[in-house]
Amino acid sequence: MSRQKAILISTRDDTSPKVSFKDAILNPSAPKGGLYTFSQLPKIQSISEFLSLSYEELSIKLFDLLCLDIEPALLKDCLSSYKAFDNTNNPAPLIPIDSKLAMLNLYSGPTRAFKDMALQPFGALLSHYAAQSETKHMILAATSGDTGPATLQSFANKPYIKVVCLYPYKGTSDVQRLQMTTQNAKNCKVIGIKGNFDDAQSALKSLLASASFTQALKERGIALSAANSLNIGRIAFQIIYHFWAYIQACKSGFISQGEKLPIVVPSGNFGNILGAFFAKKMGLPLGHLVVASNINNVLSDFINTGVYDISSRHLLTSQSPAMDILKSSNVERMLFALFGAKETSAFMHSLEHNGKYQLSKAQLEIVQADFKALYCNDTQCLESIAYGAKHALILDPHSAIAYYGARKLIGDSLIDKAVFLATAEWSKFAPSVWNALVQGGLVKETCTDDKQAIARLCAYAGLTPPAQIQALFEKAQIQQDVISPSDIPSHILQWLESGD
């Protein structure tokens, strides 16, 4: 097996030293304010060599091709975290909808959202490296609702690990909030911030870049890392399930081997679809990668026009709160892969100082060779949920956006068939799902209470609520701090001093 190291590089400075995958996930702050990404991607010879592999075998093979220098025994141990999923051997099942549409279920993990697919094995890997070096690490996470619970689940009670999770107060569903505020592990700190997800993510980036904060942690014997998709470790694990989707589509007869398969992804921070983009660049026969945005449609505007402009936008509160994002960090990695560090650095400088940047006509054509994009407003989102329910498919408001996008593109004959990604279970957004059924005329009484909405949906559709979601309503809310973003550094250091 290949044991090459030092294959990751800053998106904004390709003259900086390359670093190993291990170093990049432990220390995710890249030179010049960039993100670590692959300096180059390997090319597969043929998809046929993957068709007989299990998910574990596929992961090991792809990580070896990517030269990530992880011993197979260690990777197997990390992948054993999938034992907590509904199906240990198939953590991401492909579910046929009809002859032209299939759904990749990415929400069968312990926190019922796609973030588990990467964060469960990634958390085990990072924890191993921390213990191996006997160095305490603080793992930062900023969440729009799903990264936080998955991070806390993955790192709770791990030795040598402290976790700080930032979430927008009143900016998540009640279930997402309870998944965080009921966390009682002593090594976990959850902080609600007065602001939105972009504020939380900006605070995280500032902490990672802050010499004074890093020094304060160093004086306490603590190194700093992150669990957001800012960390390339998250993205690496997200490449795998796009290969897995294609393999299942071939084996089920949904597509023929080598046929190009479009993927429709509900997109906020661009990490999920970036995994598909990297898989495609490795030679996986994917068709267009379809960005499905909500009413905060900065990404669909960018893909369609080449202009990324948030200079006069204000974040809108939508039915799909985990996608309420304007600063989609992972676009930077796509720009680097297509245009290099110099152009990427210029784009990011313009975004930071002017709130916008613009691709040239030629650059836009290059992006559009891989991507399509559309957006779905709240009314269309709820209609999509109701339409799915009429066909015995209960979707959350994020998956419903991808479902809407796939059906629209197929209906308009812009694509022949597609896989759409289901990124969260209905149980995490039950009131929105139930009220979509009300608006669709399928049921009558409205409902704003999560526990009641879950019960009603179960009765309506013959569903069984996950035990871990039901248990949340009986737990005490331990983590109730809500502060201004400017107070985050001192608040974290105070927590460390208290020994809690």
Surface/4 of the Cα convex hull for segment 420-470, nm²:
3.9 nm²
Just the accessible area per residue of segment 1-130, please: how many Å² with a 1.4 Å probe?
40 Å²
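So, with +1 on the Cβ of K and R and -1 on the Cβ of D and E, and no other charges, what is the size of the charge dipole of segment 198-251 about its Cα centre, to the nearest 20 debye? Please list the in-between numbers first.
Working: 5 positive and 3 negative charges, 45 e Å.
That gives segment 198-251 a dipole magnitude of about 220 debye.
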Packing-based ranking, highest mean first, of 436-446, 315-325 given that Cβ atoms within 10 Å are counted:
315-325, 436-446
Roughly how many percent of the accessible protein surface of the chain is carbon and sulfur, given a 1.4 Å probe and a whole-percent answer?
48 percent
Two-decimal Rg/Rh of segment 303-361 from alpha-carbon positions, Kirkwood Rh?
0.99
Extension gain ALA346-SER52, at 0.36 nm per residue separation less the Cα-Cα distance, in nm?
101.4 nm
In segment 260-360, lysine pairs closer than 26 Å at Cα, eight or more apart or cross-chain:
9
With Rg from the Cα atoms and Rh as the Kirkwood inverse mean 1/r over Cα pairs, segment 416-500 has an Rg/Rh of 1.17
Rg followed by Dmax, in Å, when segment 341-419 is reduced to its Cα trace:
17.4, 50
Karplus-derived HN-Hα couplings along segment 316-330 (A = 6.51, B = -1.76, C = 1.60, θ = phi - 60°), whole Hz, x at Gly and Pro
9, 7, 10, 6, 10, x, 5, 9, 7, 9, 10, 9, 8, 4, 6
Euclidean distance between Cα centres, segment 216-249 to segment 476-500, Å
24 Å
Dividing the alpha-carbon radius of gyration of segment 1-126 by 2.2 N^0.38 Å, where N counts its residues, gives 1.20
Charge context of LEU126, other residues only, Cβ under 11 angstrom, K/R +1, D/E -1
+3
For TYR375, which sequence-distant residues (separation of 5 or more, or a different chain) have an amide H within less than 5 Å of its own amide H, given hydrogens modelled in the peptide plane?
SER293
With just the Cα atoms defining each centre, how far is segment 57-75 from segment 105-125? Give it in Å.
18 Å
From the helices alone, meaning DSSP H stretches of at least four residues, give me the mean residue ellipticity at 222 nm for the chain, per-run term -39500 (n - 2.57), in deg cm²/dmol to the nearest 500.
-13500 deg cm²/dmol
Under 12 Å by backbone N from the virtual spin label 7 Å along Cα-to-Cβ at ASN157, the residues of segment 85-101 are none
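Per residue, how much accessible area does segment 290-342 show when a 1.4 Å probe rolls over the protein heavy atoms, in square angstrom?
32 Å²
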The FRET efficiency for GLN494 and GLN215, from their Cβ-Cβ distance with R0 = 25 Å and rounded to 0.05, is 0.90
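Under a 1.4 Å probe, what is the accessible area of segment 400-461 per residue, stated in Å²?
Value returned for segment 400-461: 39 Å² of accessible area per residue.
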Over the Cα atoms of the chain, compute the convex hull volume and normalise it per residue, giving Å³.
137 Å³
Stretch gain in nm, segment PHE473-HIS353, where the contour uses 0.36 nm per residue and the Cα spacing is subtracted:
38.8 nm
Express in whole angstrom the spacing between the alpha-carbon centres of segment 365-381 and segment 390-415.
13 Å
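The values are calculated or read from the model by the stated rules, or taken from the named source; none is laboratory data. No experiment lies behind these values; they were computed from the predicted model shown. Note that we place each Cβ from the backbone using ideal geometry, even for glycine, and neighbour counts take in every protein chain shown. Side chains included, ligands, DNA and RNA excluded: accessible areas come from the protein's heavy atoms. Shrake-Rupley method; radii C 1.70, N 1.55, O 1.52, S 1.80 Å.
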